[in-house]
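The values are calculated or read from the model by the stated rules, or taken from the named source; none is laboratory data. Here the structure is a predicted model, which means the values were calculated and not measured. Reconstructed Cβ throughout: ideal geometry from the backbone, glycine too, with neighbour counts over all protein chains shown.
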Amino acid sequence: MSLSAYEDLVHELTRLDADTTASTAQATRRLERRREALREVRSELDDQTMALAELCARLRHSTPDLTPQQVDADAADLPPGQDTDDADRVLERAKTALRESELARTATTRAAQRPTLLPKAHHVLRELLVYGSCMVACLAVQFVYFAATGGEGESLWWVTFLLPVMALIVGYVLVGMANRPRLPLLDRSGRPIKAVVPHNPRLGVTLAVGTMALFAYFAFF
């Protein structure tokens, strides 16, 4: 073997060794980045799990099964040359799913901080619906009583005036429940803010007086 051929072989061996070292270093850095991304995903997943469990407890809702599903070992085997790309794609999908989960949880929390009944409607419309339903039910009971008794008896006066008052009280309670959010608002320090729950009893009194007048018109006149 000539000296030039020997030098060529040494040079080729040195180049191959340098390429192998560079490839190994690049693979090590890629593996370290993947491990760091996996640690971040696991940390975010734990935070999301705790936040979801806390939200379910505050909403008095059953906590879903948050146990990770086991992946089949045969299904986890990847063809050669695809493990790197597939692992990166899986990590990106996991990060995207975590961001979507955070947005969904935030939207659920904001929805729970709105009034229970018709959260996007004005409170007057909500109160009108509740008080009106109570007065319609009261008027139905009054007419059933009037049809059953024929409008006779001293209790007709109690039915005319007492039942709307009871319906007003029931509506007042239901309006407070309908206007109260399931979760309180939080300030910048994370402390709950006492919610202002409108009742508007004048609307209920007006509807109650109207119910009394309507039934009295049919019962006495």
Does residue 112 satisfy the condition of being at pLDDT 75 or above, within 29 Å of the chain's Cα centre (by Cα) and not charged (D, E, K, R)?
-> yes
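Name the one entry in 148, 167, 137 that is of a type in the set (Gly, Ala, Ser), out of contact with any His (no Cβ under 7 Å at 6 or more places or on another chain) and loosely packed, with under 12 Cβ neighbours inside 10 Å.
Details: 167 fails: loosely packed, with under 12 Cβ neighbours inside 10 Å; 137 fails: loosely packed, with under 12 Cβ neighbours inside 10 Å.
So the residue among 148, 167, 137 that is of a type in the set (Gly, Ala, Ser), out of contact with any His (no Cβ under 7 Å at 6 or more places or on another chain) and loosely packed, with under 12 Cβ neighbours inside 10 Å is 148.
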Residue check, residue 102 of a type in the set (Asp, Glu) and more than 30 Å from residue 46 (Cβ to Cβ) | no
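Could you list all residues from segment 28-58 that are of a type in the set (S, T, N, Q) and exposed (fewer than 13 other Cβ atoms within 10 Å of the Cβ)? Quick ask: steps written out before the conclusion?
First, the residues of segment 28-58 that are of a type in the set (S, T, N, Q): 28, 43, 48-49.
28, 43, listed by residue number.
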Could you tell me whether any residue of segment 121-128 is among the acidic types (Asp, Glu) and over 25 Å from residue 221 (Cβ atoms)?
-> yes
If residue 78 satisfies every condition in (1) part of a helix (DSSP H, G or I); (2) modelled with pLDDT under 80 but one, which is the exception?
-> (1)
Somewhere in segment 55-68, is a residue at pLDDT 75 or above, part of a helix (DSSP H, G or I), out of contact with any strand residue (DSSP E or B) (no Cβ under 9 Å at 6 or more places or on another chain) and closer than 21 Å to residue 92 by Cα?
-> no
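Is it the case, given these coordinates, that residue 12 is out of contact with any strand residue (DSSP E or B) (no Cβ under 9 Å at 6 or more places or on another chain), surrounded by 10 or more Cβ atoms within 10 Å (Cβ to Cβ), in the same structural domain as residue 99 (by TED's automatic domain parsing) and at pLDDT 75 or above? Write out each step before concluding.
Numbers: out of contact with any strand residue (DSSP E or B) (no Cβ under 9 Å at 6 or more places or on another chain): yes; surrounded by 10 or more Cβ atoms within 10 Å (Cβ to Cβ): yes; in the same structural domain as residue 99 (by TED's automatic domain parsing): yes; at pLDDT 75 or above: no.
No; evaluated as a whole, the condition is false for this residue.
Just checking, does segment 107-128 include any residue being among the small types (Gly, Ala, Ser) and closer than 20 Å to residue 203 by Cβ?
First, pick out the residues of segment 107-128 that are among the small types (Gly, Ala, Ser): 107, 111-112, 121.
If we keep only those that are closer than 20 Å to residue 203 by Cβ as well, we get 121.
So far as segment 107-128 goes, yes, one or more of its residues are among the small types (Gly, Ala, Ser) and closer than 20 Å to residue 203 by Cβ.
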Taking segment 29-57 and keeping only residues that are under 17 Å from residue 86 (Cα atoms) and β-branched (Val, Ile, Thr), one is left with 41
